[in-house]
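First comes the structure, then the notes that go with it.
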Amino acid sequence: MIPTRAQQQADIGLAVVVLVGAVISAALSAISGLYGRDQAGMPLAVAYAFALAVPIAFRRRWPEAVAVIVAIAYFAAVTLRVPEIYAGNVAMFIALYTVGAWSTSRRRATIVRVVIIAGMFLWLTIVMLVDATGPVSAESEELLSRAGAFSPYVAYTLLSFLVNALYFGGAYYFGERSYQQMHERAALEERTAELEREREVTAAQAVALDRVRIARELHDVVAHHVSLMGVQAGAARSVMSKNPDQARSILEDVESAARQSLTELRQLLATLRTPDTDTEPHTAPTTRGLAAIPALVEETTAAGLPTTYSEVGDPSAVPELVQVNLYRITQEALTNARRHAGPHATADVRLRYTADSVELEVANTGRVATGAPGLGQLGMRERAGASGGSIEIGPRPRGGYLVRVHIPLAAKTVTHV
């Protein structure tokens, strides 16, 4: 973990506070005679204050080194009887806490803290043993008598060990806890960022899917009618001089196809502008289901491609979305046949029902289109997949072209493809 600029500035501020506090504490302790006549002078106390404060300014950068330096300074100050203990205790707590909270190596952090704490308790034990076995002055005997199994001196010794245990244990615990919290917070921030990236990707995918769906709908609505109008307009032009009445009738059909195309476009655009997200664009023309395929066949025949229609099996309930997709596949397949099969081609549309599926087959005679598949075939494959089925598109061995769609009625329909 690398400290931020603000954290480094905060550490410098904390070091200044420790320095000022240590100097003031040393001055007051010297005046109060903390160590009596054996205490060190103020120059050494000021040096000790700097030895505590300067490392604190770099505590997050090098936590282990700072803890070792502060511990050595604290040990030396007590040994030399520098008249200051309070700022030293604070600095020692901060240093141990920082090792637990900021060390990048948990093994090194544990070793450094255990060594420092064990060293301090060993030193405290030695001092207590020296005091216990050394000569006793009348003044100290009066303050802390050593007589009895649980004398005041024994109580003071136990209290010192307890306070130090709480002191070092607290520094150790809070450092570990802070480290865990920082890692949990970092993990949470990373997860939040990941979710945000996933949300952006999902939104981009949704936009892409909407564009694909809109493109497919526009193609299916426009291509069929425009193709039909083109064929009819060509037929009207070829007979206009010979048979004006027939040309007029054909042009009326062109006008009717144009109006029907505009009607379907309005339905599509109205659906796209509807705020109800449950409404799919390809379900807008609700009359374009399986029941509309015979009319589509008649329209194709009138446009110059003789087409037959038949149903096999007992009709069963087919979801509305599947009906729309099958209708559009039929429409695209007949449009392609009319455009590419040639003047003498024929087509056959067959709808087959089974116990658990529905199958659509559109076959035509005549020429086979060459070149790369266009958007129409891509749209047919997408519609078959959206209905949970499969599709076969390709030339027939005996000539012509075949489009066969098989959709299990028990399959779950995909509504966003």
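The structure shown yields Kirkwood radius over Cα pairs in Å, and of the options [x] 23.8; [y] 22.5; [z] 29.8 that calculated value carries the label [z].
Packing here is the average count of other Cβ atoms within 10 Å per residue, and on that basis the peptides 296-308, 377-389, highest first, run 377-389, 296-308. What the Cβ-Cβ distance of residue 209 and residue 320 gives, at R0 = 25 Å and to the nearest 0.05, is a FRET efficiency of 0.80.
The length gained on full extension between residue 173 and residue 16, counted as 0.36 nm times the residue separation minus their Cα-Cα distance, comes to 53.9 nm. Based on the alpha-carbon gyration tensor of region 1-117 and its eigenvalue square roots a ≥ b ≥ c, which shape applies: rounded if a/c is under 1.5, prolate if not and a/b is larger than b/c, or oblate? It comes out oblate by the Cα gyration axes. Taking every alpha-carbon pair under 8 Å whose residues sit at least 6 apart, the chain reaches a relative contact order of 9 percent. About its Cα centre, the chain has a charge dipole of approximately 1020 debye under the convention of +1 per Lys or Arg Cβ and -1 per Asp or Glu Cβ, with nothing else charged.
Find how many whole Å separate the alpha carbon centroid of region 314-376 from the alpha carbon centroid of region 209-260. Taking the Cα centre of region 314-376 as reference, the centre of region 209-260 is 19 Å away. Got a sec? Charge dipole of the chain, +1 on Cβ for Lys and Arg, -1 for Asp and Glu; which of 25, 46, 166 is way out at the positive end? Final value for the positive-end residue is 46. Around the Cα centre of region 204-254, unit charges on the Cβ atoms of Lys, Arg, Asp and Glu (plus for the first two, minus for the last two) sum to a dipole of about 160 debye. To the nearest ten degrees, helix 244-272 and the longest principal axis of the Cα atoms of the chain are 20 degrees apart. When +1 charges are put on Lys and Arg Cβ atoms and -1 charges on Asp and Glu Cβ atoms, the dipole computed for region 5-197 relative to its Cα centre reaches about 560 debye. Simple rule: put +1 on each Lys or Arg Cβ and -1 on each Asp or Glu Cβ in the chain, find the dipole, and look at 395, 110, 207; the Cα lying farthest toward the positive end is 395. Looking at region 209-248, the trypsin sites (Lys or Arg not before Pro) that sit in a DSSP loop and have at most 11 other Cβ atoms within 10 Å of their own Cβ are 242.
Does region 325-373 classify as rounded, prolate or oblate by the C-alpha gyration tensor (a ≥ b ≥ c root eigenvalues; a/c under 1.5 gives rounded; else a/b over b/c gives prolate, otherwise oblate)? It is prolate, given that a/c is not under 1.5 and a/b is the larger ratio.
Every read-out reported here was derived from the displayed coordinates using simple, explicitly stated rules and does not represent laboratory data. Please read all numbers here as calculations on a predicted model, not as lab measurements. When we count neighbours, we look across all protein chains shown, and the Cβ atoms used for this are built from the backbone with ideal geometry, even at glycine.
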